[in-house]
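Throughout, read-outs are computed from the coordinates displayed, never taken from laboratory work. Remember, predicted model here, so these are calculated numbers, not experimental data. Note that each Cβ is placed from the backbone with ideal geometry, even for glycine, and that neighbours are counted across all protein chains shown.
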Amino acid sequence: MNGSGDPYDYDVAVVGGGSGGFPAARSSADAGLRTVLIDGGKEVGGLCILRGCMPSKALLHAAEVLHLARKAGTWGLNVGSAGFDFREVMDRISWSISRSCSGGSPRTMSRDGKARLESMTAYS
Ligand SMILES: Cc1cc2nc3c(=O)[nH]c(=O)nc-3n(C[C@H](O)[C@H](O)[C@H](O)COP(=O)(O)OP(=O)(O)OC[C@H]3O[C@@H](n4cnc5c(N)ncnc54)[C@H](O)[C@@H]3O)c2cc1C
């Protein structure tokens, strides 16, 4: 970060790509600053996307859809019998998470598409 123009020359370095770090890095990139987001995990996303808010809310949503389907008769709707396959529910959640993470790739994090924001994971 010394103005030398080498590949590791940034205006801002954000450590941690979770709910706090990711938007901070994106705002920095949107403001035109050459930004690097450094995360020690295998994926950028943090607790919320990878293991917290998103999987728990997706699970709650699946339970709600099942509940509504089972109660559909109350509204005069006939949807047959409603059941679930837990493996498929979890596969759907994993798919949603991976979709969110791929949306955080270096080329898409800068909203103007100029990719001033780069990310590094699993550094040592
Ligand atoms: C089950 C569950 C459900 C939740 N549901 C909600 C909800 O519905 N709504 C809500 O608002 N909040 C919810 N939360 C809380 C939410 O997940 C956290 O508040 C949020 O993730 C905090 O964001 P953060 O960026 O501070 O930290 P984190 O998301 O933990 O991100 C920190 C990042 O920094 C990286 N890191 C850590 N140390 C280093 C290091 N030394 N070097 C490099 N990288 C490092 C980590 O790999 C990680 O990616 C939930 C949490 C849980 C566990």
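Numbers below:
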read-out	value
Point-charge dipole on Cβ atoms (K/R +1, D/E -1) for the range 48-100, about Cα centre, debye to 20	120
Exposure proxy order (Cβ contacts within 10 Å, fewest to most) of D91, D39, D85, D11	D85, D91, D11, D39
Separation of the R99 and A13 label points, Cα + 7 Å toward Cβ, nm	3.5
Fewest-first sequence of F22, F86 by Cβ atoms within 10 Å of each Cβ	F86, F22
Fewest-first sequence of W75, W95 by Cβ atoms within 10 Å of each Cβ	W75, W95
Volume of the Cα convex hull of the range 31-102, divided per residue and given in Å³	131
